[in-house]
1. So Cys65 ticks every box in (1) closer than 30 Å to Glu153 by Cβ; (2) touching a helix residue (DSSP H, G or I) at 6+ places or on another chain (Cβ under 9 Å); (3) touching a residue at least 12 places away in the same chain (Cβ under 8 Å) but one. Which box is left unticked?
2. Only one of these is at pLDDT below 60 and not in a loop (DSSP other than H, G, I, E, B): Ala145, Ala168, Ala158, Ala141. Name it.
3. Please list, ordered by first then second residue, the pairs with beta carbon atoms under 6 Å, 6 or more apart or interchain, first in the stretch 15-33 and within 10 Å of Glu74 (Cβ to Cβ) and in the same structural domain as Arg68 (by TED's automatic domain parsing), second of a type in the set (D, E, K, R) and assigned to a helix (DSSP H, G or I).
4. State yes or no: is Gln18 modelled with pLDDT under 95 and either farther than 26 Å from Cys132 by Cα or in contact with a helix residue (DSSP H, G or I) (Cβ under 9 Å, 6 or more places away or on another chain) (or both)?
5. Return yes or no: is Arg144 surrounded by 22 or more Cβ atoms within 10 Å (Cβ to Cβ), of a type in the set (D, E, K, R) and more than 14 Å from the chain's Cα centre (by Cα)?
6. Give the stretch 74-130 a look and list any residue that's buried (at least 16 other Cβ atoms within 10 Å of the Cβ) and among the basic types (Lys, Arg), or say none.
7. Of a type outside the set (A, V, I, L, M), closer than 28 Å to Asp51 by Cα, modelled with pLDDT of 95 or more and in contact with a Leu (Cβ under 6 Å, 6 or more places away or on another chain), is that true of Gly102?
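The values are calculated or read from the model by the stated rules, or taken from the named source; none is laboratory data. Since this is a predicted model, take the numbers as computed values, not measurements. Cβ sites come from the backbone with ideal geometry, for glycine too, and all protein chains shown count toward neighbours.
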Amino acid sequence: MTDLTVNDRPVRFNMDPQTPLLWALRDAANLTGTKYGCGVGDCGACMVLIDGEALRSCLVTLAECEGRVVVTVEGLSRDRSHPVQQALVAEQAIQCGFCTPGIVMAASALLATNADPSEEQIKQAITNLCRCGVYPRLVRAIQRAGRVTRRAERISAAPAPGIDAQDAAAAVPAMRAD
């Protein structure tokens, strides 16, 4: 068994310790915001924060997470009010949305250490692949999120979701017993 903290909650996974964190989060914890993209660490769709560092969860085993703190996109902000989430919407930097959770996590880690990144610093930190090619808008969104983080700007772009994560998890059709 592996004990760790996921989104501020203690969790014990009764799974093979060599299981990639990605599959523990998605299959055992029903945290499907962390996406499976390539499985080899190239795309960044599975990015999560582990002890504050943006890491690809497909490359990290449960054993490596023992005793650590993991934050997924669901734990970043329950009401989508995180500056990165708000700025991505405001700058229209979301297309299909598949890569978005990983990008949000990578950008939030960057802004936690540098709230005023240059375009080059953003490009170095955000190595996630986006099939839709939102990169120019992505840079603007992260710079805008930095301004919000520094309290130099406010955004009121994205409405709060209509359903909270617990209600959504309880209403998963595949999980119904009827």
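1. Unmet condition: (1).
2. Ala168
3. Hits for this filter: Leu31/Glu74; Thr32/Arg26; Gly33/Glu74.
4. Considered against the rule, which asks whether it is modelled with pLDDT under 95 and either farther than 26 Å from Cys132 by Cα or in contact with a helix residue (DSSP H, G or I) (Cβ under 9 Å, 6 or more places away or on another chain) (or both), Gln18 comes out as no.
5. yes
6. Matches in the stretch 74-130: Arg80 only.
7. No, not satisfied.
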